[in-house]
Amino acid sequence: SGNGTGTAVTGAGTSYDQRTASGENAQTLTTRQGHPIYDNQNTRTVGNRGPATLENYQFIEKISHFDRERVPERVVHARGAGAHGVFEAYGKVGNEPIEKYTRAKLFSQKGKQTPVFVRFSSVIHGGHSPETLRDPRGFAVKFYTEDGNWDLVGNNLKVFFIRDAMKFPDMVHSLKPDPITNLQDGGRIFDFMSNTPESLHMLTFLFSPWGIPANYRQMQGSGVNTYKWVNQEGVGVLVKYHWEPQQGVKNLTQPEAEAIQAKNFNHATQDLYEAIESGNYPQWELRVQIMSDDEHPELDFDPLDDTKLWPEDQFPHVPVGMMTLNRNPENYFAEVEQVAFGTGVLVDGLDFSDDKMLQGRTFSYSDTQRYRVGANYLQLPINAPKKHVATNQRDGQMTYHVDTAPNQNTHVNYEPSSLNGLTESPRAGIEHEPEYRAKLVRQKIDRRGDIDFKQAGERWRLHNDEEKQDLINNLTDALSAATEEIQTRMVDLFSKCDAEYGRRLRESLATAAKNPSAATRRYMGRRLGQSGQPGNHTV
Ligand code: HEM
């Protein structure tokens with residue numbers, strides 16, 4: 001079926017000519033052992049009323065495979081859609097030669113094409129949750145480059161809730177359903193967020209229409225975290241990545257999203273699939289922001305703080321290539337469900353920055369994938385590089401093949417060796433070797449103490465009137481589920497971002513308190529256990 005994935009998924013490699021059972025042809029249903037199936041309707045029983053027999057091997061095989069059809073969902077980003085495509089490089093950064101900044105080959109020549117697989121997702125709820133929910137959207141791209149894979153695991157929004165990976169499980173728990181009621185709870189969300197002021201910028205996006213992109217084609221993408229580019233001399237610069245949709249950006253207000261959800265909870269997957277099926281291929285331009293690799297004391301934010309934007313007027317978004325999605329998956333599970341992206345997956349010429357979120361993420365992704373998909377997840381066609389792979393790693397569950405070199409002495413699965421085993425590669429360029437001199441500490445990045453308010457206030461002022469009103473309505477709705485203490489803390493924090501922002505939220509909450517029956521009850525919380533006191537449950 002043309003691509004490596006299809007062969008492995010459908011088993012199209014089988015030679016039907018070799019089948020011997022009489023009357024069998026290419027369409028014949030078989031067991032996984034290759035036995036033709038004569039009756040797929042009736043279990044084998046003693047008489048037509050049973051009982052069934054244990055030697056009913058065909059039935060047991062069918063049901064026991066069905067019993068294992070699911071793997072664990074992604075702990076976050078469970079709901080998603082994916083597509084194949086191609087990335088075409090412009091061969092320069094704006095008007096400058098790309099080699100000045102990075103030696104990564106996929107960017108190096110104008111017109112160079114690299115195959116990609118993209119998975120879009122929402123974050124908090126399960127695998128078939130509505131695609132109209134307020135949530136960041138994942139935007140993960142796997143580039144199958146000539147130097148091995150590069151994963152750019154991003155979101156639609158350019159900033160994040162927190163800036164230290166230590167806080168991620170707590171943040172996610174606050175956004176996930178309550179562990180007792182199994183309902184998402186505005187009281188729990190804002191309990192956490194009101195004690196985490198670096199989230200204000202993200203919240204000002206998320207509760208506005210920017211928190212519900214109209215579909216996957218009309219949303220931006222961003223790497224969010226700060227990475228590095230490294231050139232041939234080993235010199236690094238800080239870099240941020242952004243995807244700009246050529247279809248334009250479209251977001252939904254809460255009422256618009258509800259109208260769609262009433263009729264269709266799969267609209268974004270359907271929109272992407274149908275666009276590609278009909279040849280209407282979506283495109284995104286990849287743009288980068290570049291900054292010299294130092295601490296930048298002149299800025300009022302830290303370039304390693306992912307809750308902040310790098311202002312575009314100082315750090316322009318410079319185009320480096322175009323991505324086109326032009327082919328739907330052949331099998332959702334084999335490709336979209338089993339694909340595994342990770343921030344550690346970089347190619348030569350790309351590097352990590354010291355961004356603490358990025359460092360934490362880099363451990364998390366491959367760790368979860370060894371659990372979610374299995375120790376040999378990189379042997380699956382969707383995850384395997386499209387270049388040669390030769391390792392001395394062996395065995396483990398579901399070993400599908402051994403990655404050896406054509407002329408390797410395959411007795412040698414260790415290195416170094418003088419018996420024709422695998423050998424180290426020559427270096428592609430000078431290694432980037434940043435120098436460190438500091439105390440080992442536990443401290444947050446915080447330049448001036450008030451930095452969490454400035455960009456959130458700017459974002460409030462940049463929203464148009466409709467976005468501002470939708471933001472106030474949505475915050476009111478979610479915060480109505482919180483205790484008064486939490487409400488007050490959020491109003492105080494938003495007031496520090498912008499006085500009008502805080503005032504409008506306070507007034508809106510007061511109006512809502514007078515008329516509680518008007519609340520949408522989309523978020524649970526205080527209304528469940530009126531006092532807001534924790535339940536006295538034990539497990
Ligand atoms: C998925 C962890 C922050 C974007 C995941 C998964 C984990 C995870 C465990 C599931 C992966 C899988 O099962 O294959 C973390 C941690 C973070 C963090 C520990 C913070 C320290 C972020 C940020 C972004 C992001 C800041 C956006 C830039 C994504 C995306 C996916 C994902 C797009 C879905 C990938 C896919 O489609 O398979 N994350 N994450 N995450 N994360 Fe994060």
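The values are calculated or read from the model by the stated rules, or taken from the named source; none is laboratory data. All values derive from a computational prediction rather than experimental measurement. We place every Cβ from the backbone using ideal geometry, glycine too, and count neighbours over all the protein chains shown.
Residue under question is H84, and the condition is that it be touching a residue at least 12 places away in the same chain (Cβ under 8 Å) and part of a loop (DSSP other than H, G, I, E, B); does it hold? Answer is no for this residue.
One residue stands out in the stretch 52-99 among those that are of a type in the set (S, T, Y) and out of contact with any strand residue (DSSP E or B) (no Cβ under 6 Å at 6 or more places or on another chain): the one that is nearest to Q270 (Cα to Cα), namely S64.
Go through the stretch 158-185 and report how many residues are away from the ligand (no atom under 16 Å from the Cβ) and crowded, with 22+ Cβ neighbours inside 10 Å.
First, the residues of the stretch 158-185 that are away from the ligand (no atom under 16 Å from the Cβ): 177-185.
Filter again for crowded, with 22+ Cβ neighbours inside 10 Å, leaving 184-185.
Matching residues across the stretch 158-185 total 2.
The residues of the stretch 13-34 that are surrounded by 12 or more Cβ atoms within 10 Å (Cβ to Cβ) and modelled with pLDDT under 90, listed by number, are T14, R19, E24.
Mind telling me which of the residues N407, N392, N383 ends up being in a loop (DSSP other than H, G, I, E, B) and under 21 Å from K142 (Cβ atoms)?
None of the other options fit; the residue is N383.
Evaluated against (1) in contact with a helix residue (DSSP H, G or I) (Cβ under 9 Å, 6 or more places away or on another chain); (2) more than 19 Å from S122 (Cβ to Cβ); (3) within 14 Å of the ligand (Cβ to nearest atom); (4) not β-branched (V, I, T), R361 falls short on exactly one condition, (2). Return only the number of the condition from (1) of a type in the set (D, E); (2) surrounded by fewer than 17 Cβ atoms within 10 Å (Cβ to Cβ); (3) assigned to a loop (DSSP other than H, G, I, E, B) that D367 does not satisfy. Every listed condition holds for D367 apart from (3).
Please find, among A456, A405, the residue that is over 30 Å from L200 (Cβ atoms) and in contact with a Leu (Cβ under 8 Å, 6 or more places away or on another chain). Explain how you work it out, then say what you get.
Values: A456 fails: over 30 Å from L200 (Cβ atoms).
Only one candidate qualifies: A405.
Exactly one residue out of G91, G82, G111, G127 is surrounded by fewer than 19 Cβ atoms within 10 Å (Cβ to Cβ) and either within 14 Å of the ligand (Cβ to nearest atom) or hydrophobic (A, V, I, L, M, F, W, C) (or both): that is G127.
Hey, can you tell me all the residues within the stretch 478-503 that are surrounded by fewer than 21 Cβ atoms within 10 Å (Cβ to Cβ) and in a helix (DSSP H, G or I)?
Taking the stretch 478-503 as the starting set, the residues that turn out to be surrounded by fewer than 21 Cβ atoms within 10 Å (Cβ to Cβ) are 483-485, 488-489, 492, 495-496, 498-500, 502-503.
Hits for the stretch 478-503 are E484, E485, T488, R489, D492, S495, K496, A499, E500, G502, R503.
Would you check if there is a residue in the stretch 196-209 being of a type in the set (D, E, K, R) and crowded, with 21+ Cβ neighbours inside 10 Å? Checked against the condition, which is being of a type in the set (D, E, K, R) and crowded, with 21+ Cβ neighbours inside 10 Å, the stretch 196-209 yields at least one hit. Scanning the stretch 87-98 for any residue that is on the phi > 0 side of the Ramachandran plot, over 18 Å from the mean Cα position of the chain (by Cα), in a loop (DSSP other than H, G, I, E, B) and not charged (D, E, K, R) turns up at least one such residue.
Please count how many residues of the stretch 331-350 are among the aliphatic types (A, V, I, L, M), within 15 Å of the ligand (Cβ to nearest atom) and more than 21 Å from P72 (Cα to Cα).
Taking the stretch 331-350 as the starting set, the residues that turn out to be among the aliphatic types (A, V, I, L, M) are 334, 336, 339-340, 345-347, 350.
Next, only the ones that are within 15 Å of the ligand (Cβ to nearest atom) stay: 334, 336, 339-340, 345-346.
Cutting the leftovers down to more than 21 Å from P72 (Cα to Cα) gives us 345-346.
So the count comes out to 2.
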